[in-house]
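See below for the structure under consideration.
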Amino acid sequence: MKTGLAAQVVLKFFESRGVDAAKASSCEDFFAEGLLTSIELVKLAVALEGGLGVRIRPGDVSYDRFRNLEAVVGFVNGKAREQR
Amino acid sequence: MDKDWASALPIRYFAWALPIVLLCRACPERWRKPLLALTGAAAIAHLFSPSIAAALTISSLLLHVSIARRVRVGVEGPPWAGVAVASVLFYFIYGSIFLRYGGDYILPEDVFKVFLLVVFAKKSIYYLWESSSGRMRPPELVDSLVYFLAVPFLTETSPVFAFSHVTESYGRKRASHALTDGARTTAWALAHTLLFMGLHRLHAGIARRILVPGTVATAVVLCEIYLSHYLRTYGAHQLGVGVARALGYDIRDNFVRPLTAPSYAEYWRRWNVHMREMVLGICFYPVLLRLTRAAPDRPRRNAIAAACAAFLGHAALNALYVFALVRPGAWRLLGRGLFLLALYEASQFALVGISLLLEGETTPAERSRRSALSTAAGIASTFLLRAASLPVIRAALRPHRGSVWPVGPWSMAAQ
């Protein structure tokens, strides 16, 4: 899986929620900025599973891992390495 | 007594924490964490009876030993050895081995110990859950001891931080930046405590003036109690966050402007963020993830079911306080406390559930386009509803009918 693919899935998710890709890319904290809630976080996790084929466990879903684009990409890449 | 204790505790805690911060900051980096753990153990030994101090220290060591190898090797399944250690500790706490009761309730001077022990119990549950959920990296002994014993993570009804968040946030900022950030957070927390003290004086004045209780008078007093509760809680929790930041732990704020939350669901997203993260991690996300995978086209039903699971988990954690405050065997009082707690949690679930249904499938873009009038109405209604429900949980967790709160060890030691 390419690193860029994870970012694309995240940005596509935000675009479907009416959020500009540039805003989502530069956002430091999705939760503080109101771009993500706990319910939308799970939807994003399911979108990542569907788009990238990674299996996300309930324990994987946390504030720190989904705080911003960089954190999500880092987390997804870690999961992909683990499952390879 | 209540007011003096509640307001004096954060200030006296600060007087304890300040020398520890200065000492740790002055020593070389490699000695900082061991020194922090050591000062935490020393504080516990000084403040509490030898049995409590020994129990907390030994439990911390055993909890670490029980999970360290499992996490390193990547063993799946529940950490039974750790669960056994925690169970023994809980038995000692709830079997009234450590605590003293005057009649059916805990002695006022032991209430502080109850809060500390319950926070310790919650931390051990969180620690064990993180170890089995894949969130935790292989822990070092010193990190575990800091997490369980060190002063920043030992404040009264302190927020229960995740072990993963504590360890991964260490050293994220440069030392000078961390110190400035910590000082700013601490100063802001102390300012909230001072405001709380001022509001309490005002409260006495309001209570004296309102001779004929009426709807408006009751609403004013409830709002004042809520505001006062917020100021005190913010002051106490954020003080721990500030001290941790000054020591190099880049801990998140525990409150995100909850008084201005435009809906009840939003209020719970902003209040006691760390505790919320624990409840969501253990109860909410597993249910919602499973339901969303199975039925993605039913988001409202999924969210309500997950919120129900979250409030059940929240109730179970709050019940730890009720069990510890009432003497074992005082079934009638225990029943009263648990009934009030159930009433409170059910009311909160109902309010959050209604709020989630009203929110529906609102996108972030739509949320940002709300009119000022709609936002103001949301803030006001959330504030009033929260103010109205707060007395129920306060009654459930009240150790004595007269609300006599103790002179805690932090304050006694500083006298």
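The values are calculated or read from the model by the stated rules, or taken from the named source; none is laboratory data. Given the structure is predicted, the values throughout are model-derived calculations rather than measurements. Counting neighbours? That spans all protein chains shown, and the Cβs are built from the backbone with ideal geometry, glycine included.
Here are a few things to note about the model shown:
- Scan of the stretch B:47-71 for residues that are charged (D, E, K, R) and free of Cβ contacts under 8 Å to residues at least 60 places away in the same chain, ordered by number: B:ARG69
- Sub-6 Å Cβ pairs linking a first residue in the stretch B:72-88 that is over 11 Å from B:SER124 (Cα atoms) to a second residue that is of a type in the set (D, E, K, R), at least 6 apart or interchain, are B:PRO79/B:ARG70, ordered by first then second residue.
- Taken together, the residues in the stretch A:28-45 that are surrounded by 19 or more Cβ atoms within 10 Å (Cβ to Cβ) and within 9 Å of A:ASN68 (Cα to Cα) amount to 2.
- Qualifying residue in the stretch B:330-350 (condition: within 19 Å of the chain's Cα centre (by Cα), in a helix (DSSP H, G or I) and within 13 Å of another protein chain (Cβ to nearest Cβ)): no
- So B:LEU117, is it within 20 Å of the chain's Cα centre (by Cα), more than 14 Å from chain A (Cβ to nearest Cβ) and under 22 Å from B:ALA319 (Cβ atoms): yes
- The listed residues are A:VAL42, A:VAL76, and the only one of them that is assigned to a helix (DSSP H, G or I) and more than 12 Å from chain B (Cβ to nearest Cβ) turns out to be A:VAL76.
- Every pair of residues 6+ apart whose Cβ atoms lie under 6 Å, when the first sits in the stretch A:46-65 and is more than 7 Å from every other protein chain (Cβ to nearest Cβ) and of a type in the set (D, E, K, R) while the second is outside any helix (DSSP H, G or I) and buried (at least 19 other Cβ atoms within 10 Å of the Cβ): A:GLU49/A:ILE56
- Residue list for the stretch B:286-328, filter: more than 14 Å from every other protein chain (Cβ to nearest Cβ) and either over 20 Å from B:ALA121 (Cβ atoms) or among the aromatic types (Phe, Trp, Tyr) (or both): B:TYR321, B:PHE323
- Qualifying residue in the stretch B:186-201 (condition: closer than 26 Å to B:ILE44 by Cβ, in the same structural domain as B:LEU35 (by TED's automatic domain parsing), of a type in the set (A, V, I, L, M) and modelled with pLDDT of 90 or more): no
- Apart from one condition, B:ALA319 fits all of (1) in contact with a Phe, Trp or Tyr (Cβ under 9 Å, 6 or more places away or on another chain); (2) within 26 Å of B:LEU116 (Cβ to Cβ); the exception is (1).
- Looking across the stretch B:157-188, the residues that are within 18 Å of the chain's Cα centre (by Cα) and part of a helix (DSSP H, G or I) come down to B:PHE163, B:SER164, B:HIS165, B:VAL166, B:THR185, B:THR186.
- Where B:ASP253 falls short, out of the listed (1) surrounded by fewer than 21 Cβ atoms within 10 Å (Cβ to Cβ); (2) in a helix (DSSP H, G or I); (3) within 13 Å of the chain's Cα centre (by Cα): (2)
- Test: residue in the stretch B:128-137 that is surrounded by fewer than 17 Cβ atoms within 10 Å (Cβ to Cβ) and more than 22 Å from B:CYS283 (Cβ to Cβ): yes
- Of all the criteria given as (1) touching a residue at least 60 places away in the same chain (Cβ under 8 Å); (2) under 17 Å from A:VAL61 (Cα atoms); (3) touching a Lys or Arg at 6+ places or on another chain (Cβ under 8 Å), the one not satisfied by B:LEU291 is (1).
- Per-region count, the stretch A:21-35, residues within 8 Å of chain B (Cβ to nearest Cβ) and closer than 21 Å to B:PRO296 by Cβ: 1
- Lone qualifier among B:ARG332, B:ARG300, B:ARG293 - being exposed (fewer than 15 other Cβ atoms within 10 Å of the Cβ), farther than 25 Å from B:ALA236 by Cβ and in contact with a helix residue (DSSP H, G or I) (Cβ under 7 Å, 6 or more places away or on another chain): B:ARG300
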